[in-house]
1. Please calculate how many Å² of accessible area the stretch 1-90 carries per residue, with a 1.4 Å probe and no DNA, RNA or ligand atoms counted.
2. Could you give each residue of the stretch 88-99 its phi-based ³J(HN,Hα) in whole Hz, using Karplus coefficients 6.51, -1.76, 1.60 with θ = phi - 60°, and x for Gly or Pro?
3. Please list 3J(HN,Hα) in residue order for the stretch 50-56, calculated via the Karplus relation 6.51 cos²θ - 1.76 cosθ + 1.60 where θ = phi - 60°; whole Hz, with x for glycine and proline.
4. In whole Hz, with x marking every Gly and Pro, tabulate ³J(HN,Hα) for the stretch 40-47 from phi via Karplus 6.51 cos²θ - 1.76 cosθ + 1.60, θ = phi - 60°.
5. Among the GluC sites (Glu not before Pro) within the stretch 1-49, which fall in a DSSP loop and have no more than 12 other Cβ atoms within 10 Å of their own Cβ?
6. For Glu51, enumerate residues with amide H under 5 Å from its amide H, sequence gap 5+ or separate chain, H modeled in the peptide plane.
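The values are calculated or read from the model by the stated rules, or taken from the named source; none is laboratory data. None of the values given here were measured: they were computed from a predicted structure. We place every Cβ from the backbone using ideal geometry, glycine too, and count neighbours over all the protein chains shown. Areas reflect the complete protein model, heavy atoms only, side chains present, ligands, DNA and RNA absent. Shrake-Rupley method; radii C 1.70, N 1.55, O 1.52, S 1.80 Å.
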Amino acid sequence: MPEVPYFKCYRSEVAMELLAASNSAFLLLLQTAWRARRTDSFNRHDLAIGEAFLGDFKNIGLTEGKYRHAKKYLEDHRFATFRATNKGTIAKLINIDVFDPNLEDSNGQHNTPATPQQHSS
């Protein structure tokens, strides 16, 4: 059975605070995590691992003003960075306190740190 890509959403205080503070920012962060590149394989937008192509804010129910506010909020609180290109906006997750996109490095290993519950070899 083929591996199905996934991302994690944490039930954390940070997630609850972000949702209470700005549901628009939470939605944009969700869209970014959903679309974030997990690997460095070829993609038509030349995105790096952890980056996502955005710009269709109406698909998540935001107005242009709410979209701009959400981008600023996520940048100010160090959840994501954004850069404009001639094809649209590219977002990069820089904090995984709310969403962990299960990124992989180039050798196919998960690049998440080991937890204290794992046994050392």
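1. Accessible area per residue, the stretch 1-90: 67 Å².
2. 3J(HN,Hα) across the stretch 88-99, in whole Hz: x, 9, 10, 9, 10, 6, 10, 8, 10, 6, 10, 10.
3. After applying 6.51 cos²θ - 1.76 cosθ + 1.60, I find x, 9, 9, 8, 10, x, 9 Hz.
4. Values per residue, Gly and Pro as x: 9, 5, 4, 8, 5, 9, 6, 7 Hz.
5. When the GluC sites (Glu not before Pro) of the stretch 1-49 are filtered for loop state and at most 12 Cβ neighbours within 10 Å, Glu3 remain.
6. Arg37
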